[in-house]
Protein chains: 2
Amino acid sequence: MAEQAETARRAPLTRDRVLRTAVVLADRTGIESLSMRNLAQDLGVVPMALYKHVANKDELLDGMIDIVVAEIDPPAPGDWKQAIRRRILSARQMLLRHPWASLAIESRTTPTPAVLAYLDSTVGALRAGGFSTDLAHHVMHALGSRVLGFSQELFDTSRQAGRSGATSAGTPADLPPEVAARFPHLAAIATAASHDDDSVVGPGCDDQFEFEFALDLLLDGIERLHRTGWTSHRTG
Amino acid sequence: MAEQAETARRAPLTRDRVLRTAVVLADRTGIESLSMRNLAQDLGVVPMALYKHVANKDELLDGMIDIVVAEIDPPAPGDWKQAIRRRILSARQMLLRHPWASLAIESRTTPTPAVLAYLDSTVGALRAGGFSTDLAHHVMHALGSRVLGFSQELFDTSRQAGRSGATSAGTPADLPPEVAARFPHLAAIATAASHDDDSVVGPGCDDQFEFEFALDLLLDGIERLHRTGWTSHRTG
DNA sequence: AGGCTAGGTGTACGCCGTACACCAGTCAAG
DNA sequence: CTTGACTGGTGTACGGCGTACACCTAGCCT
């Protein structure tokens, strides 16, 4: 009975447990150091045991993506603009919780069913708002990466070291001086917000503000097209 | 005069040659199958020889990025809108030539000098057009991934197999039937264009059109903000 | 009892990046 | 002319990776 107590000590190791442990591990140590061997060790199991539950590492990643995509808030009733706005912001929150997810989703050659479902329901919200399939089609392209909340800040200094989110406290403009000297325009932009005390944006750069700025820019434009009955058909 | 060409090395193997060969190899076989060993073989050299010219694989990737970013057309004179539009579309062409580049650039934790220079000159074009640093700052965030021309079409079926570009000929709506059944809105969008013969967009989905649609949506919104003297400062 | 099956194990293979010791040239200074 | 440092290509080797394959074991059905 001592022997079976030892094996009974750990949970049964289901596919779901494998995937969720992998998500936690990726959250904690980054996607690049998520290996089948590490994951197996976290589960107290030998590496090959995982292959009884996932076909290979690619399928593991797909499963992880499905799990985090499922964390996005379900569509809420209301007008299309509010609904989509809330949805996208919820997706963004998910991606901030799981910093590896955006790159993982992008690197997949084909979207997973959960991603497809998310996109589908977003299109559904547009259609429910009276969008033609034609306009809805183009709008989905226009929202593009924002549909999944990607911020994708190339010059986001916070991405190098710690977690993401607003560069809120401290870190006013931490470009290395030699970089600032060579790229004056970039330097000016990086420090712009901190110079003006009456700016809505605090010191440093508020990712959330920037994201909503771009999002609203797109949404307002989309609304305008919608109101004026825009179509990609030839004018005639 | 007798040159010592008789004993000249067959392969000079400079840092530049290493990087350019790596770019060609990545273009041909994809970034995931670019290894130091493959690259060395392509150069007719032993793997460790590369390390005399690049510190490690990360530095190799940085060097490759610098090379392809340098292919983006230099800024042209003219009004800011045209200048930025041309620049971004040029960047997009570069990314279509080097399909590995967008993911590679995104996965870097810190942008390379060439990327910084590209971003800087884009900001410069805005400033030259009379944008405040404040507005220019937010505009750069808004353009976001589009600054480097990322299309990032999650539901771009062409990405799974061949090269990208417009799904121009054939392939009207190649969603697998079981997928189409489960996601009716997606299916409707995917087939929308092919149903209407008088659409500007031909059969299938014209990536280029979609990209410019989104880009112009953003640019028009930005222009409107610019004209009305938008600022992120508190009103009043 | 006998065998089927699901699930965990152990070993092994071929990739990968790269540390480290080595060696063949070139070339400047003694 | 020697010498010794420096540059750049080589060979070997190590630890980590994904995973194929054979094996074992426990529970279940007949």
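Coordinate-derived values only; no laboratory data. The shown structure was predicted, so the numbers you read here are calculated from the model rather than taken from an experiment. Quick reminder, even Gly has a Cβ in these numbers, built from the backbone with ideal geometry, and neighbours come from all protein chains shown.
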I'd like the FRET efficiency for A:THR29 and A:ALA128, computed as 1/(1 + (r/R0)^6) with the beta carbon distance as r and R0 of 56 Å, rounded to 0.05.
0.85
Could you give the length gained by full extension between A:LYS57 and A:ARG85, i.e. 0.36 nm per residue of separation minus their alpha carbon distance, to one decimal place?
6.7 nm
Sorted from shortest, what are the nm distances separating the label point of B:ARG20 from equivalent points in the other copies, each placed 7 Å from Cα along Cα to C-beta?
5.5
Averaged over B:115-127, how many beta carbons belonging to a partner chain fall within 10 Å of each residue's beta carbon?
4
Lysines with Cα under 29 Å of B:LYS81, excluding same-chain neighbours fewer than 8 positions away
A:LYS81
For B:ALA55, inter-copy label-point distances (7 Å, Cα→Cβ), nm, shortest first, read 4.1
Lys, Arg +1 and Asp, Glu -1 on Cβ, resulting dipole of the stretch B:35-95 about Cα centre, debye, nearest 20
220 debye
Taking every other residue with Cβ under 11 Å from the Cβ of A:HIS53 and scoring Lys and Arg +1, Asp and Glu -1, one gets +1
Which of the lysines could a cross-linker bridge to B:LYS57, judged by Cα under 29 Å and excluding same-chain residues fewer than eight apart?
A:LYS57
Nm distances between copies for A:SER35, ranked from closest, using label points 7 Å along Cα→Cβ
1.4
